[in-house]
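J.: Take a look at this one; I'll ask things after.
The values are calculated or read from the model by the stated rules, or taken from the named source; none is laboratory data. A quick note: this is a predicted structure, and the numbers were derived from the prediction, not measured. In this analysis, Cβ positions are derived from the backbone assuming ideal geometry, glycine residues included, and neighbour counts consider all displayed protein chains.
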Amino acid sequence: MAELTAFHFRPGTSLLHTLDVRFKILSFVLISISSFKAYPSALSVLTLVIFYAILISCLPFKSILKELRYFFVLLVFIFIVRAMFTSASPVVDFKESAVAWQGIYDGALICWRLLIVVLFGLIFVSTTRPSDIRTAVEWFLMPFPFIPGKRVATMMSLIMRFVPLILDQARETIDAQRSRGVENRKNPVYRLIKLIIPLMIRTFKKADKLAVAMEARCYSEKRTNKALLSAKSDWITLFGVICLSILLSIIDT
Amino acid sequence: MNTNHSIQLRKTAYASLFAALTAAGAYLSIPIGPVPIVLQNLFIFLAGLLLGSRMGLASVGVYLLAGACGFPVFAGGTGGIGRLLGPTGGYLFGYLPAVYIIGLITEKTGRHAAFDVIAMCCGSVVIYACGLSWLKLLTGMTLAKTLIVGMYPFILGDALKIAAAIPIAKALRPIMRIKD
Amino acid sequence: MNIIEVTNLSHRFSDGTIGIEGITLSIQEGEFVVIAGRNGSGKTTFLRHLNGLLLPDTGAVRLGGVSVSRDIPRARQMVGMVFQDADSQIVGETVFDDVAFGPENLCLNECEVKRRVIKSLEVVDLIDIADQRPHLLSGGEKRRLAVAGILAMEPRILVFDEPFSDLDYPGVRQLLHQTLLLHKAGHTILIATHDLEKVIAHADRLLIISDGKVVMDNAPEMIIKDVEAFGVREPCASRLGMEIESWLN
């Protein structure tokens, strides 16, 4: 399960790989916000931008699409729900089909937006080292004195460490219980309890061990500060993205 | 191991672990009838019950922040600010006040099972309030339809999860206690 | 020169059970020591005193003349500890990040961190997969990654707790090979295990711990016939009256 997520860093040397991560995050947020209320004209522009980004980032896109197949299932589900539950436009007589047409349009629009946002996220994560993302988060949190940025950054890397451990553990527990016939028990509460308690006990022990191992490696919140350097190309990119966002909001009105 | 520093470190590890469980909960499901029960909000309940209000809040806050930064912690193995702003983003934001309220109630009432149930019901109400109002705002559906899409199919599952959370919390509290 | 000096070390857990009791010994720089004993005999408790993960109730541990409890960060930097469960020792999202974790905690500058990470990954032969995610590694690779994470802190003493558990035959050989290279390079090596078979051929010294006390302490060939009384199996070759051969041959 854990191996299937397409969202992970893929090393490379393209322009997108070398941009300053702070600028990438800002651009990513801006584009996400503008695609969030976009209509077909703006969405077409964004789709072109995505194709361009994929082209220059040299990512193995075929394999990524394959790994995203679960997401496509989610998209289809959202589409069906939307298509079925949108209010009919009152002008048309054929009630049944009117519901369908308006719904299909709405559903397609929402799926298109979601797809674009997810693809941008994918490109961002694929071209950015996780440790750089953490460094940037620390940097963005600096103005908030009451939030311990270093601890937040450490927690983020621990989360990404724990998720595959938990999923592997869950698979092992589920298999062990299935081989002892748990599927004959129909009571869902019973099965939930029997899955979660051993899973959590095991993962808590792992967390304990991890804390000790971190201590043995001198963990403290006073640690090497990573330098973030911005270049001209970063500012140009950010400027480009801002122009693009403004353009997109104009197209739609 | 008895220093403040290592207690702090262990708390950090536990809070991260719950955030990771919440993320993993989006992939874990138990098939019951036609709709599989996704375990994500069960871990939100447990974070409130076991970590308490402050650490629970930190755990969920970092979970959302990690998701906003693009780490794949949301359902379907995706991440990104787009998911937080998308139609289901309200539920995710709702986790934040929900975990705090659950933690607060269980702390104030001495971790009694009956109050834990109340705490989790309050938490669910908060999650739905956030989730449904955002869903309604974004999609412009009528309230009745929003409820049909965004709440009714999940209520049974939530009741089961609350029922399961009580014995789970009871079994785990002694293990989780941060030893001096 | 004695790099580790332990005097009258005792530790009691908070529930009252005795972890270790009255341990006195010294270890010379560059020694290769195997510490054996049955599960729960106190091996791990003893090792955790060497870098201040546990602090003594009575007695003291000195590293190069300085007490561990007086300067814990120094002890942790000097004693690199590889734990039994490699999976829960790995912190970073990539191999590179994980090895960098230790040096970053020492507040070294970025160039130095990078230099140390690359050097350590070269030693354990993982440099080609520096950008890989750790949970995709094999068991042997994970263990070597744990070793690299320790080496990047440039310790003088390397402590392994059950390093060969869960490893397949090639994994054992590779780890053993690298451990011996590190020993040759001048590191002091301590290995705790309940299974002497894989490692005893290379040890200078064998310590047997039982019920929290050191009950035997001598060159392996002197005491290997008597270890079974303390819950440690005598290696097969020794039982058959032959010389113990290295796993690398």
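J.: How many residues are without any contact (Cβ under 8 Å) to a residue 12 or more places away in the chain, farther than 15 Å from residue A:151 by Cβ and more than 9 Å from chain A (Cβ to nearest Cβ) when one looks only at region B:4-30?
T.: 1
J.: Can you find, within region C:36-64, the residue that is farthest from the other protein chains (Cβ to nearest Cβ) among those that are more than 13 Å from residue C:162 (Cβ to Cβ) and in contact (Cβ under 8 Å) with a residue 60 or more places away in the chain?
T.: C:64
J.: Moving on. Within region A:14-30, restricting attention to residues that are more than 9 Å from every other protein chain (Cβ to nearest Cβ) and either of a type in the set (Val, Ile, Thr) or more than 15 Å from residue A:236 (Cβ to Cβ) (or both), which residue is surrounded by the most Cβ atoms within 10 Å (Cβ to Cβ)? Give the steps one after another, and end with the answer.
T.: So in region A:14-30, the residues more than 9 Å from every other protein chain (Cβ to nearest Cβ) come out as A:14-24, A:26-27, A:30.
Right, trim to either of a type in the set (Val, Ile, Thr) or more than 15 Å from residue A:236 (Cβ to Cβ) (or both) and you get A:14, A:17-18, A:21.
On the way: A:14: 14, A:17: 19, A:18: 12, A:21: 24.
Filtering region A:14-30 for residues that are more than 9 Å from every other protein chain (Cβ to nearest Cβ) and either of a type in the set (Val, Ile, Thr) or more than 15 Å from residue A:236 (Cβ to Cβ) (or both), the one surrounded by the most Cβ atoms within 10 Å (Cβ to Cβ) comes out as A:21.
J.: Could you grab me the full set of residues in region B:112-153 that are closer than 13 Å to residue B:41 by Cβ and in contact (Cβ under 8 Å) with a residue 40 or more places away in the chain?
T.: Passing the criteria: B:120, B:121, B:123, B:124, B:127, B:130, B:131.
J.: Looking at residue A:228 and the list (1) over 24 Å from residue C:104 (Cβ atoms); (2) at pLDDT below 85; (3) among the hydrophobic types (A, V, I, L, M, F, W, C), which single condition is not satisfied?
T.: (1)
J.: Is it the case, given these coordinates, that residue C:105 is more than 30 Å from residue C:17 (Cα to Cα), within 8 Å of chain A (Cβ to nearest Cβ) and in contact with a Lys or Arg (Cβ under 6 Å, 6 or more places away or on another chain)?
T.: Against the criterion (more than 30 Å from residue C:17 (Cα to Cα), within 8 Å of chain A (Cβ to nearest Cβ) and in contact with a Lys or Arg (Cβ under 6 Å, 6 or more places away or on another chain)), residue C:105 qualifies.
J.: Consider region A:225-252. How many of its residues are under 20 Å from residue A:128 (Cα atoms) and either in contact (Cβ under 8 Å) with a residue 60 or more places away in the chain or in a loop (DSSP other than H, G, I, E, B) (or both)?
T.: Selection size over region A:225-252: 13.
J.: Given the criterion at the interface with chain B (Cβ under 7 Å from one of its Cβ atoms) and touching a helix residue (DSSP H, G or I) at 6+ places or on another chain (Cβ under 8 Å), identify the matching residue among A:199, A:115, A:141, A:158.
T.: Going through A:199, A:115, A:141, A:158 in turn, the sole match is A:158.
J.: Right, something else. Every residue in region C:122-153 that is in contact (Cβ under 8 Å) with a residue 40 or more places away in the chain and away from chain A (no Cβ under 14 Å), please.
T.: C:123, C:124, C:125
J.: Continuing with this model, one more query. Say whether the condition of being surrounded by fewer than 23 Cβ atoms within 10 Å (Cβ to Cβ) and part of a helix (DSSP H, G or I) is met by at least one residue in region C:51-68.
T.: Looking for residues that are surrounded by fewer than 23 Cβ atoms within 10 Å (Cβ to Cβ) and part of a helix (DSSP H, G or I), one finds none in region C:51-68, hence no.
J.: Another question, if that's okay. Any idea how many residues of region C:66-89 are among the small types (Gly, Ala, Ser), within 13 Å of the chain's Cα centre (by Cα) and at the interface with another protein chain (Cβ under 9 Å from one of its Cβ atoms)?
T.: Qualifying residue count for the region: 1.
J.: Identify all residues within region A:13-68 that are of a type in the set (Asp, Glu) and farther than 16 Å from residue B:70 by Cα; write none if there are none.
T.: The first filter runs over region A:13-68 and keeps only residues of a type in the set (Asp, Glu), leaving A:20, A:67.
The answer is A:67, and nothing else.
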